[in-house]
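Would you mind keeping the following structure in view while I ask a few things?
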Protein chains: 2
Amino acid sequence: MVVKVYVDWRSQPCRSLIIFLKNTKIPFEIETITLKDGIHKKPEFVKMNPLCTVPAIQDGDFGMGETVAIIRYLATKYADLVPDHWYPKDLEKRARVDEYMAFHHTGTRGGCGGIFFSEIAMPFLSGGKQHASEERLKTDTENLTKQLDKLENAFLQDNDWLAGDDISVADVLAVSEMMQNTINGRDVTEGRPKLKAFVDRVTNRLNPIFDEVHAVLFEFRANYKK
Amino acid sequence: MVVKVYVDWRSQPCRSLIIFLKNTKIPFEIETITLKDGIHKKPEFVKMNPLCTVPAIQDGDFGMGETVAIIRYLATKYADLVPDHWYPKDLEKRARVDEYMAFHHTGTRGGCGGIFFSEIAMPFLSGGKQHASEERLKTDTENLTKQLDKLENAFLQDNDWLAGDDISVADVLAVSEMMQNTINGRDVTEGRPKLKAFVDRVTNRLNPIFDEVHAVLFEFRANYKK
């Protein structure tokens, strides 16, 4: 049985999930959808994932959303098809990955996604009509700094990877978020040498899959510059 | 061996973790700390949890932070001492709890915590000097509505509990966040009959432990009114 994975390539969590899956032998097929077409609000999709978010999966009769929960479900169900370092079975090693994945939502994603929304998504989605206020940009920038400092000074202080001694889903999730900020040329690694080396380390390790999965983002970025 | 659990009773996630633990036979002892005393920034604490957040645990040589990751670690290590419904072992049932716990960070906690910070914490922590702008209060209120609607219309649509057919850690996490908003009399269940019945259902099921663990919050609330 093949897991059906619903993705919008403009979504960071979708790209993370596909990068993970392509590094495993889990049988899956991609169903590409576009959030702006509203497919995620149609009854069939809502039944699979009432949160109406992407990514979502349909695995036989079982449907669900939420990237980190999907990763856990698939890595447990198909444990033999997932190289251990992606989501280790060892109790303490797994706890480290879980710890990062809990931080991730309001940490890396909160920091990078907040400023991305204000600087890029809000003006873009409103056709240039809406712009974030100075106050909001200030709050977003302060939060970005706070979260990136945690990556630099806590997670990466003595480590090459965010959680453990090899690459894991934690690293994939983090770097996928940071890529979003490259669209308008914001370098979130600036002044953070460990984070900078880390992003290079992760992208090098994940290529060529990393670039393939980011094709839509790279195209958007190229057009955004014009 | 006893798990040492560092909590500040004013923290929602701390209260959630203790409510969970008190419903299990996991051997633990509570170390009460007060964030405003800065203990979470001292070397001993930082070594245990470099994120400098509460709750944190020290389990022999192993230290970690992040509530939902701690719950997973303890529920796995002490699987026989945790009644199954709190964090089910069945793959699909566990996936439902994980799905809610992933949503929780920016969902229930994001919605309830955002407006709590603006309405209560910011003025309180600054001694009345700082107040959230109208713009910020508007953003917080809109986000609160959005997240509460997801609880009412997605998670609780056809269910008594947020994840599955019995109470789980998902419900504990959610209601602990919502309690924070009662401090200034905000009723997040207003106009949401399913959510209202749900909060009553969870608190009734969790008592007397629920009220014991919320003693500090109830005291703060009583003083806040004056």
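When each copy gets a label point 7 Å from Cα toward the beta-carbon at B:Glu134, what are the spacings between them in nm, shortest first?
Here B:Glu134 shows inter-copy label distances of 1.7 nm.
Past the 22 Å Cα-Cα mark, which pairs from A:Lys77/B:Lys22; B:Lys25/B:Lys89; A:Lys77/B:Lys150?
Flagged as over cut-off: A:Lys77/B:Lys22; A:Lys77/B:Lys150.
Along the Cα→Cβ direction, 7 angstrom out, place labels at B:Thr34 and B:Asp166. What is the inter-label distance in nm?
About 4.0 nm separates the two model spin labels.
Another one. Could you calculate the FRET efficiency of A:Arg205 with B:Lys4 from 1/(1 + (r/R0)^6), where r is the beta carbon distance between them and R0 is 35 Å, rounded to 0.05?
The calculated FRET efficiency here is 0.45.
From the label point of B:Asp165, set 7 Å from Cα along Cα→Cβ, how far away are the matching label points in the other copies, in nm, ordered shortest to longest?
Computed spacing set for this position: 4.5 nm.
Another one. Give the average, rounded to an integer, of partner chain Cβ atoms located within 10 angstrom of each Cβ in A:66-74. Display every interim value, and only then the final one.
On the way: counts 9, 1, 6, 10, 4, 2, 8, 7, 1.
What the average comes to for A:66-74 is 5.
Scale the Cα Rg of chain A by the rule-of-thumb value 2.2 N^0.38 Å and send over the ratio, two decimals.
Dividing the Cα radius of gyration by 2.2 N^0.38 Å gives 1.01.
Starting from the amide H of A:Glu31, placed 1.01 Å from N in the peptide plane, find each other amide H under 5 Å away whose residue is 5 or more places distant or on another chain.
Those qualifying (amide H under 5 Å, at least 5 residues apart or on another chain) are A:Val5, A:Tyr6, A:Val7.
Could you let me know the centre-to-centre spacing of the range B:112-157 and the range B:161-220, using Cα atoms, in angstrom?
The range B:112-157 and the range B:161-220 have Cα centres spaced 17 Å from each other.
Once all Cα-Cα distances of the range B:91-225 are split into 5 Å bins that start at 0, what whole-number percent is in each one?
Per 5 Å bin, starting at zero, the Cα-Cα P(r) for the range B:91-225 comes out as 2, 10, 19, 22, 20, 14, 8, 4, 1, 0 percent.
Follow-up. Hand me the trypsin sites (Lys or Arg not before Pro) from the range B:43-112 located in a DSSP loop with no more than 12 other Cβ atoms within 10 Å, in residue order please.
B:Lys89
Plugging the Kirkwood radius over Cα pairs into Stokes-Einstein for the range A:3-82, at a temperature of 25 °C and a viscosity of 0.890 mPa s, what D comes out in µm²/s?
Answer, rounded: 196 µm²/s.
Can you pull out the trypsin sites (Lys or Arg not before Pro) in the range A:110-155 that DSSP calls coil and that have at most 16 other Cβ atoms within 10 Å?
The qualifying sites are A:Lys129.
Name the chain B residue with the Cβ nearest the axis that maps B onto A: which is it, and what is the distance in angstrom?
B:His105, 2
Starting from the Cα of B:Asp84, step 7 Å along the direction of its Cβ; do the same at B:Glu219; then give the gap between the two resulting points in nm.
Computed distance between label sites B:Asp84 and B:Glu219 equals 4.1 nm.
Another question about this same structure. Distances in nm, one decimal, shortest first, from A:Lys42 to the same residue in every other copy, taking the label point 7 angstrom along Cα→Cβ.
Distances to the matching label points in the other copies: 6.0 nm.
Now a separate question. Counting only DSSP beta bridges with both residues in the range B:1-84, tell me the antiparallel percent, nearest 5.
60
Show me, bin by bin at 10 Å from 0, the whole-percent P(r) of the protein assembly as shown based on Cα pairs.
For the protein assembly as shown, the pair-distance distribution reads 4, 20, 32, 29, 13, 2, 0.
We did not get these values from a lab; they are worked out from the coordinates using the rules stated. Every value quoted in this text rests on a predicted model; they were computed, and no experiment measured them. Heads up, the Cβs are rebuilt from the backbone with ideal geometry, glycines too, and the neighbour counts pull from every protein chain shown.
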